[in-house]
Amino acid sequence: MGWRYATWSADHPLPIGRVERAPVGDRVNAGDVIAAGLMLATPTRLSGARRLGLEPDDLDRVLRVPVGAEIPARTVIARTGRRFARAVTAPHDGRVLQITADGDLYLAPVVGRWVIRSTLDGSVTRSDDAVVTVEGSAWGLGGFAAYGPDAVGELLLAVDSPSGELSPGRLDVRIGGRIVIGGARVSAEALTRAHACGIAGIVGGAVPAAGLRVVYDDGALIGGFATREDRPTVLCLIGFGAAALPREVFGPLKALAGSRAAIHTATARLFVFAPPDAIETATTAPSIAIAADYGGVRVVPADCAAAGEAEFASGVRAQAVRCADEVFPAANVRRVDEPR
């Protein structure tokens, strides 16, 4: 976690059922649709050429709708004759998938739709059935974990200090569509309130694990495709529980409030679209984040020193570091700007 202005590359994995996607070289902005598609159920096989009394190769000339078209029930798909007409009609809503070699048709019900939106301003550098990749320049801030679909919106400061808790009472429909900057803790109540108000996403120091289980109990949007948007997007910058944001992180967040931003959940990263000189370089100095043994996540002074081997409350002996007057497991200490 640490602020850096750079050229980033964001991968956007695609579910099965692509209808269209942006080609390589396209210029896109964060929030633009770069791929869209349908989710289809088991298709129905319809008798085509045999029902119409035709040879399989002749079915194409009597089709009333093209392969790939989405049609409602009772639509005439193919028809022959006038006075004594024969026709193939759709038994249900769906999409015409294909014509078989023997002249039959497949019609699949549409059970869902999905869209994938870019999380960067930039150019499409890869576009295939698996992923669309966008490359562009922005301020980037890496976090600990992210949940929900990718989110795009204007940054809005909703706490008075980096150690404050995001209150559900500060969230309402007037700030819908924005990415809200929280403080040390984002509760389950704040997450559900954010979704009810149409808020695009929340960025905070930490979220209690119990709150995450309440909101994301089935894991449907944890690192998955954005096929459902029935739960909010949250970016945990430091960890779980409660963790006050270090000034090196909160200061730039406050300064960048009002800028367009995006949360890329696959990499747990916040992108902010602001000029390269929007943040003073002095505010990007590293700090130290710690998850104490049996404790929460918090920020400690940077002048930590090795303290040899020690036994902790969990009963585990491990290499330790001393930060001010406290001793912590060495594995639990990392720099704020340390790559993840």
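Residue-level check: of (1) assigned to a helix (DSSP H, G or I); (2) acidic (Asp, Glu); (3) modelled with pLDDT of 95 or more, Asp58 misses just (3).
Take the residues in the range 6-41 that are crowded, with 19+ Cβ neighbours inside 10 Å and within 10 Å of Val132 (Cα to Cα), then tell me which one is nearest to the chain's Cα centre (by Cα). Taking the candidates together, the pick is His12. Screening Arg231 against (1) touching a strand residue (DSSP E or B) at 6+ places or on another chain (Cβ under 6 Å); (2) under 30 Å from Thr133 (Cβ atoms); (3) at pLDDT below 85 leaves a single unmet condition, (1). Among the candidates Leu155, Leu120, the residue that is part of a strand (DSSP E or B) and crowded, with 20+ Cβ neighbours inside 10 Å is uniquely Leu155.
At pLDDT 90 or above, in the same structural domain as Ser259 (by TED's automatic domain parsing) and within 14 Å of the chain's Cα centre (by Cα): is that true of Gly153 in this structure?
yes
Within the option set Gly211, Gly177, being in the same structural domain as Pro276 (by TED's automatic domain parsing), without any contact (Cβ under 8 Å) to a residue 40 or more places away in the chain, part of a loop (DSSP other than H, G, I, E, B) and in contact with an Asp or Glu (Cβ under 9 Å, 6 or more places away or on another chain) holds for one residue only, Gly177. All conditions in (1) modelled with pLDDT of 80 or more; (2) under 31 Å from the mean Cα position of the chain (by Cα) hold for Ala331, with the sole exception of (1).
In the range 42-66, what residues are in contact with a Leu (Cβ under 8 Å, 6 or more places away or on another chain) and surrounded by 14 or more Cβ atoms within 10 Å (Cβ to Cβ)? Within the range 42-66, Pro43, Thr44, Leu46, Gly48, Ala49, Leu52, Leu59, Val62 meet the criteria.
Filter the range 55-86 down to the residues that are among the small types (Gly, Ala, Ser) and without any contact (Cβ under 8 Å) to a residue 24 or more places away in the chain and list them by number.
Within the range 55-86, Ala73, Gly81, Ala85 meet the criteria.
Beta carbons closer than 7 Å, at least 6 apart along the sequence or on distinct chains, pair a first residue in the range 123-145 that is part of a loop (DSSP other than H, G, I, E, B) with a second that is charged (D, E, K, R) for Asp129/Arg18; Gly143/Arg269.
Table: residues versus (1) crowded, with 20+ Cβ neighbours inside 10 Å; (2) in contact with a strand residue (DSSP E or B) (Cβ under 6 Å, 6 or more places away or on another chain); (3) assigned to a strand (DSSP E or B).
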site: Ile238; (1), (2), (3): yes, yes, yes
site: Ala243; (1), (2), (3): yes, yes, no
site: Gly251; (1), (2), (3): no, no, no
site: Ala255; (1), (2), (3): no, no, no
site: Gly258; (1), (2), (3): no, no, no
site: Ile263; (1), (2), (3): yes, yes, yes
site: Ala266; (1), (2), (3): no, no, no
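Taken over the range 12-53, residues that are assigned to a helix (DSSP H, G or I) and in contact with a helix residue (DSSP H, G or I) (Cβ under 6 Å, 6 or more places away or on another chain) amount to 1.
What's the number of the condition Gly103 fails, among (1) without any contact (Cβ under 8 Å) to a residue 12 or more places away in the chain; (2) touching a Gly at 6+ places or on another chain (Cβ under 6 Å)? Condition (1) is where Gly103 drops out. Scanning the range 54-69 for residues that are β-branched (Val, Ile, Thr) and out of contact with any helix residue (DSSP H, G or I) (no Cβ under 8 Å at 6 or more places or on another chain) turns up Val65, Val67. Selection of first residues in the range 154-174 that are without any contact (Cβ under 8 Å) to a residue 60 or more places away in the chain and of second residues that are part of a helix (DSSP H, G or I), restricted to Cβ pairs under 6 Å at least 6 apart or on distinct chains, gives the following pairs, ordered by first then second residue: Ala158/Arg170; Leu166/Ala190; Pro168/Glu189; Pro168/Ala190; Pro168/Arg193; Leu171/Arg193; Leu171/Ala194.
State yes or no: is Ala78 among the aliphatic types (A, V, I, L, M), part of a strand (DSSP E or B) and either at pLDDT below 90 or within 30 Å of Ala130 (Cβ to Cβ) (or both)? No; evaluated as a whole, the condition is false for this residue.
The values are calculated or read from the model by the stated rules, or taken from the named source; none is laboratory data. What you see is a predicted model, and the numbers here were worked out from it, not measured in a lab. Virtual Cβ from ideal backbone geometry, glycine too; neighbours counted across all protein chains shown.
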